[in-house]
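J.: Handing you a structure now.
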Amino acid sequence: SNSKTVTLCGLIASSEDWDKFDIAWREQLSVERVSYFHAHDLELGKDIFSGLSRGLRDSLFWGLADVIGKSNIQIVNGGIRVADWNDPEHTGILRSAFQSPWHLCFAYCLQQLTDWSKERAGGEPIAIVFSDQNEYKKHAEVIYEEYISRRKDGANLLSLQFASMKQLPGLQAADLVC
């Protein structure tokens, strides 16, 4: 990829807030009679968005953004410039610990999830679901296992799962945000 940065975003909320969000998200999708959101396909008018005009695609995008804005979910994210990742003077240690910039961003997101649980949810356990991306899955599982085994506060990370973005509004919303 020719990207100048690598970013990873996610969303976090209580289970009650997720339930409310899922309903509002699906209702907004139903306005344009689509079953899921995918930013790239929406922008290009591909696949399920091929029958929608630019105006309707923009309306869908901003309607979904409004659902996020009105919800009680929060964004977690991590990012690094590719030039910084490739500079051994600045990231030599990081490169030995992480397979790719994505994995570094993933570890940073785990820390944010742990902090959110402690600060805003009384240490409630968190079930993490990431979009199913085979190129990152195996090493992400290793990072997750190391994180929870080394950190006392990592115990509130209940599970790590990977799922199809088409099935989960939270993953679709992360695609919109990122």
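J.: Under 21 Å from the mean Cα position of the chain (by Cα) and either of a type in the set (S, T, N, Q) or loosely packed, with under 14 Cβ neighbours inside 10 Å (or both): which single residue out of GLU43, GLU89 fits that description?
T.: Working: GLU89 fails: under 21 Å from the mean Cα position of the chain (by Cα).
Of the residues listed, the single one that is under 21 Å from the mean Cα position of the chain (by Cα) and either of a type in the set (S, T, N, Q) or loosely packed, with under 14 Cβ neighbours inside 10 Å (or both) is GLU43.
J.: Next question. So which residues in segment 147-177 are without any contact (Cβ under 8 Å) to a residue 12 or more places away in the chain and not aliphatic (A, V, I, L, M)?
T.: SER149, ARG150, LYS152
J.: If you go through segment 1-43, how many residues are part of a helix (DSSP H, G or I), farther than 14 Å from ASP175 by Cβ and not polar (S, T, N, Q)?
T.: In the first step, residues of segment 1-43 are kept if they are part of a helix (DSSP H, G or I); the result is 15-31, 39-43.
Filter again for farther than 14 Å from ASP175 by Cβ, leaving 15-24, 26-28, 30-31.
Checking the rest, the ones that are also not polar (S, T, N, Q) come to 16-24, 26-27, 31.
Looking only at that region, the number is 12.
J.: Have a look at TYR136, TYR147 and point out the one that is surrounded by 15 or more Cβ atoms within 10 Å (Cβ to Cβ), within 27 Å of TRP25 (Cβ to Cβ) and in contact with a helix residue (DSSP H, G or I) (Cβ under 9 Å, 6 or more places away or on another chain). Explain how you work it out, then say what you get.
T.: Working: TYR147 fails: within 27 Å of TRP25 (Cβ to Cβ).
Every option except TYR136 fails the conditions.
J.: In the list SER3, SER59, which residue meets the criterion of being over 30 Å from LYS152 (Cα atoms) and in contact (Cβ under 8 Å) with a residue 40 or more places away in the chain?
T.: Values: SER59 fails: in contact (Cβ under 8 Å) with a residue 40 or more places away in the chain.
So the residue among SER3, SER59 that is over 30 Å from LYS152 (Cα atoms) and in contact (Cβ under 8 Å) with a residue 40 or more places away in the chain is SER3.
J.: What residue, of ARG81, ARG54, is over 14 Å from PRO169 (Cα atoms), over 19 Å from the mean Cα position of the chain (by Cα), open to solvent by 30 Å² or more (accessible area, probe 1.4 Å) and of a type in the set (Lys, Arg)? Break it down stepwise before answering.
T.: Numbers: ARG81 fails: over 19 Å from the mean Cα position of the chain (by Cα).
Among ARG81, ARG54, only ARG54 is over 14 Å from PRO169 (Cα atoms), over 19 Å from the mean Cα position of the chain (by Cα), open to solvent by 30 Å² or more (accessible area, probe 1.4 Å) and of a type in the set (Lys, Arg).
J.: Now, a different point. In segment 6-26, which residue that is open to solvent by 70 Å² or more (accessible area, probe 1.4 Å) and either of a type outside the set (D, E, K, R) or touching a residue at least 24 places away in the same chain (Cβ under 8 Å) (or both) is nearest to ASP132 (Cα to Cα)? Don't jump to the end; show me each part of the working.
T.: First, pick out the residues of segment 6-26 that are open to solvent by 70 Å² or more (accessible area, probe 1.4 Å): 7, 15-16, 19-20, 23, 26.
Subsequent filtering for residues that are either of a type outside the set (D, E, K, R) or touching a residue at least 24 places away in the same chain (Cβ under 8 Å) (or both) retains 7, 15, 20, 23, 26.
Numbers: THR7: 16, SER15: 21, LYS20: 24, ILE23: 22, ARG26: 21 Å.
For segment 6-26, the residue satisfying everything is THR7.
J.: ALA121 is checked against (1) out of contact with any Phe, Trp or Tyr (no Cβ under 7 Å at 6 or more places or on another chain); (2) open to solvent by 80 Å² or more (accessible area, probe 1.4 Å); (3) in contact (Cβ under 8 Å) with a residue 24 or more places away in the chain and fails just one. What number does that condition carry?
T.: (2)
J.: Shifting gears a bit: When you look at GLU141, is it surrounded by fewer than 15 Cβ atoms within 10 Å (Cβ to Cβ), among the acidic types (Asp, Glu), out of contact with any Pro (no Cβ under 7 Å at 6 or more places or on another chain) and closer than 19 Å to GLN74 by Cβ, yes or no? Spell out the reasoning first.
T.: On the way: surrounded by fewer than 15 Cβ atoms within 10 Å (Cβ to Cβ): yes; among the acidic types (Asp, Glu): yes; out of contact with any Pro (no Cβ under 7 Å at 6 or more places or on another chain): yes; closer than 19 Å to GLN74 by Cβ: no.
Spelling it out, it is not the case that GLU141 is surrounded by fewer than 15 Cβ atoms within 10 Å (Cβ to Cβ), among the acidic types (Asp, Glu), out of contact with any Pro (no Cβ under 7 Å at 6 or more places or on another chain) and closer than 19 Å to GLN74 by Cβ.
The values are calculated or read from the model by the stated rules, or taken from the named source; none is laboratory data. Predicted model, so just to flag it, every value in this text is computed and none were measured. Heads up, the Cβs are rebuilt from the backbone with ideal geometry, glycines too, and the neighbour counts pull from every protein chain shown. Only protein heavy atoms, including side chains, enter the accessible area calculation; ligands, DNA and RNA are left aside. Shrake-Rupley method; radii C 1.70, N 1.55, O 1.52, S 1.80 Å.
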